[in-house]
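Here, each number is a calculation from the coordinates, and none is a lab measurement. Treat the numbers as computed from the prediction; the structure is a model and nothing was measured. Cβ atoms come from the backbone with ideal geometry, glycine included; neighbour counts cover every protein chain shown.
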Amino acid sequence: MISIVNLEKNIKKETVLKNINYRFEAGKIYGLFGKNGSGKTMLLRAISGLIVPTKGKVRIGDKTLHEELSFPPSCGLIIENMSLLPQYTGAENLAILGEIKKAATQQDIEHALARVGLDPDSKLKVKKYSLGMKQRLNIAQAIFEKPEILLLDEPTNAIDDSGVELVWQILREERERGATVIVASHQKEELLPLCDVALTMSNGEIKE
Ligand SMILES: Nc1ncnc2c1ncn2[C@@H]1O[C@H](COP(=O)(O)OP(=O)(O)OP(=O)(O)O)[C@@H](O)[C@H]1O
């Protein structure tokens, strides 16, 4: 479970997250909607430990980020400007990332690639991937270690219609597995039917 308590983030003179109090539960899909600049990415960054709050805290289970934990211990993430290793294949990218935690097997890697519609045996290096293929690989890297928390910022960016269906299916499966799934998206109409909870952000504030 993720608890956000009186969270505020100021960058320079701007308040980008404002007095956020919310609890995210396991086994649910949370849709995060709102205009450009409303704070969706910032909230995902705060939960992932990538920014330090100006006030308040984020608790992952019974531990507080930046006090007892630097990052959520079991968290898959897609956030803008992610980097993949261009000189390696998709499967090699996952294998290299997987070395850090050693939580995933070769079978987990192949399964994650297949789930996003990439060929696990492909010898194509990521530098030759299209934008949509890179995004599919980003999704595969977020899910391959079966994280308890999944934070996805615009996961369907650059993905074609058949791929988008795969993404929605993956969200359902991850929820079924018991993950807490938080998805920021502008595809509100398509995502809304999948969501257990729809949250709207406006000027750094959150509303259910
Ligand atoms: N690196 C940064 N430095 C300063 N301000 C930033 C930075 N990144 C974001 N902001 C500001 O934080 C606020 C929230 O931005 P955020 O990226 O969270 O919006 P968003 O809801 O994800 O928007 P989008 O729909 O465009 O992805 C905006 O006012 C933005 O200008």
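General remarks:
- Candidates P155, P120, P147, filtered to the one that is assigned to a loop (DSSP other than H, G, I, E, B), away from the ligand (no atom under 16 Å from the Cβ) and within 30 Å of K9 (Cβ to Cβ): P147
- Looking only at segment 29-43, residues that are more than 17 Å from the chain's Cα centre (by Cα) and more than 6 Å from the ligand (Cβ to nearest atom) come to 1 in all.
- Flag if I139 is in a helix (DSSP H, G or I) and under 12 Å from the mean Cα position of the chain (by Cα): yes
- Checking R45 against (1) of a type outside the set (A, V, I, L, M, F, W, C); (2) assigned to a helix (DSSP H, G or I); (3) touching a Phe, Trp or Tyr at 6+ places or on another chain (Cβ under 8 Å), the condition it does not meet: (3)
- Every residue from segment 32-70 that is surrounded by 15 or more Cβ atoms within 10 Å (Cβ to Cβ) and of a type in the set (V, I, T): T41, I47, I51, V58, I60
- Residues considered: V5, V16. Of these, the only one that is in contact with a Lys or Arg (Cβ under 8 Å, 6 or more places away or on another chain) and within 16 Å of the ligand (Cβ to nearest atom) is V16.
- Members of segment 70-112 that are in contact (Cβ under 8 Å) with a residue 60 or more places away in the chain and part of a helix (DSSP H, G or I): none
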